[in-house]
Amino acid sequence: MQWHPSPSERRAHASLKWSTFPDNELALWVADMDCRPPPCVRETIYQAIEHGIFGYGTEPPGFRDAWVEHLQIRHQWSVERDWIVPVAGVVPGMRFALMAHPNIQHILTPTPAYPYFKTVPLVEKRIQHPISLNRKGETLEPSLAHIKEILNTQGEPSAILWCNPHNPGGTVFSRNFIHELATIASKNNTLIISDEIWADLILDDKPHNPLGLVAPNDQPTITLMAATKTFNVAGFGCAIAIIPEPNTRQRFLETQVAMPHVATLAYAVTESCLRHGWPWHRELINALKQNRNTVTEWAKGYPELEVTTGHATFLAWIESYNQTDLSERFVRQGVRLSPGTAFGSDTATRLNFGTNPVTLGDALRRMDTALL
Ligand SMILES: Cc1ncc(COP(=O)(O)O)c(C=O)c1O
């Protein structure tokens, strides 16, 4: 695993992260990493070029098996092949899940949360109920009592749109927590949609607890996963929805008419990563841990900030007790982070530490100047 030596390598491409803002800014915002993906990605693409046929494709025969084996080996979840529905991204998967349930008007979402947790219910014209996550120890934690209270008083069909591990807080929810969440949902006849795109980017010795595995058997669940974040191939939109309950799956499948499907190369890249990317991934996790240490050490100099890195992701959530212009101050010194407002907090900003340690060090020094 090697970091890109300099940002200019990224700017040479139409990179959302590095080409959107002026060249004098260090881009530590959108969640992709400044490193090449595992070597198997290039090999897969070369093979496709050699093969040279780019007509309409179908799901490759090994794609589901690669997922089934991966979920069994790394998450101890025995998934049946039929439960899997490929989709062109986790975010589209969230939207399909809501489209499949037009009767569900109320959506409970963690806050702060990845911006699409607000956007998708908004464009689907549902009523949103934010569930606050507050700092507890090293992580951000929600209150199950709050979730219970909303569902108990609701009386109308609801869904919980969850994120585990959590972006931006890095929380890896315990088996107990997920079990309780699913039990509350089950008692209240509530669907749970769980975005688990970060499941394979856990930096500490904590198991990922897939919702679909932990939930009671009669609880309808839609678990969304992808290899794109894990292996840094977000440009190849490819994800899966895992839906054990047949009626829920059928409703989801019905939303797929006339929707864009996963591109042939995206299928192949995902499958190759799931099969061959793990030695690279081991190195990546070590490199990310080092960068996380750099951020936590830096944070010690700022007791007026609360910096949460949690146990997963390559993101740090930086909260100030009172300043609403943190992101702007950093931009003025040439560091582009993700403004907290989009995540539901005016006094926070999110830093992506999936970058070359030299770039990270430069950015933190610029942030020191911004905080003078
Ligand atoms: C929680 C979460 N869900 C989904 C996505 C994006 O998923 P996709 O690119 O597969 O639509 C991201 C990207 O950062 C994310 O953090």
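The values are calculated or read from the model by the stated rules, or taken from the named source; none is laboratory data. Since this is a predicted model, take the numbers as computed values, not measurements. Using ideal geometry, Cβ is built from the backbone for each residue, glycine included, and neighbour counts are taken over all protein chains shown.
The residue that is nearest to the ligand (Cβ to nearest atom), among those in region 232-287 that are closer than 14 Å to Arg64 by Cα and not in a helix (DSSP H, G or I), is Ala239. Considering region 282-300, the residues that are out of contact with any Leu (no Cβ under 9 Å at 6 or more places or on another chain) and touching a residue at least 12 places away in the same chain (Cβ under 8 Å) include one that is surrounded by the fewest Cβ atoms within 10 Å (Cβ to Cβ), namely Gln290. Put simply, of Pro102, Pro86 the only residue that is within 16 Å of the ligand (Cβ to nearest atom), modelled with pLDDT of 95 or more, assigned by TED's automatic domain parsing to the domain that holds Ser272 and surrounded by fewer than 20 Cβ atoms within 10 Å (Cβ to Cβ) is Pro86. Is it the case that region 7-24 has a residue that's crowded, with 20+ Cβ neighbours inside 10 Å and within 14 Å of the ligand (Cβ to nearest atom)? Scanning region 7-24, I find at least one residue that is crowded, with 20+ Cβ neighbours inside 10 Å and within 14 Å of the ligand (Cβ to nearest atom), so the answer is yes. For region 140-149, the criterion of a residue being in contact with a His (Cβ under 7 Å, 6 or more places away or on another chain), touching a residue at least 60 places away in the same chain (Cβ under 8 Å) and not charged (D, E, K, R) is satisfied by at least one position. The residues of region 36-71 that are closer than 11 Å to Glu271 by Cβ and either more than 28 Å from the chain's Cα centre (by Cα) or not β-branched (Val, Ile, Thr) (or both), listed by number, are Cys40, Glu59, Pro60, Pro61, Gly62, Phe63, Arg64, Asp65, Ala66, Trp67, Glu69, His70. The numbered conditions (1) in the same structural domain as Gly361 (by TED's automatic domain parsing); (2) surrounded by fewer than 19 Cβ atoms within 10 Å (Cβ to Cβ); (3) touching a Lys or Arg at 6+ places or on another chain (Cβ under 7 Å) are all true for Arg81 except (1). The residue list Thr171, Thr111 contains one member that is surrounded by 20 or more Cβ atoms within 10 Å (Cβ to Cβ), within 14 Å of the ligand (Cβ to nearest atom), assigned by TED's automatic domain parsing to the domain that holds Thr190 and of a type in the set (Val, Ile, Thr), which is Thr171. Only a single criterion out of (1) surrounded by 15 or more Cβ atoms within 10 Å (Cβ to Cβ); (2) at pLDDT 95 or above; (3) of a type outside the set (A, V, I, L, M, F, W, C) is not satisfied by Pro142, namely (2).
Of all positions in region 119-127, at least one carries a residue that is crowded, with 19+ Cβ neighbours inside 10 Å and either farther than 28 Å from Pro168 by Cα or in contact with a helix residue (DSSP H, G or I) (Cβ under 6 Å, 6 or more places away or on another chain) (or both). Residues in region 318-372 that are outside any loop (DSSP other than H, G, I, E, B), under 24 Å from the mean Cα position of the chain (by Cα) and among the polar types (S, T, N, Q): Ser320, Ser327, Ser338, Thr341, Thr349, Asn352, Thr359.
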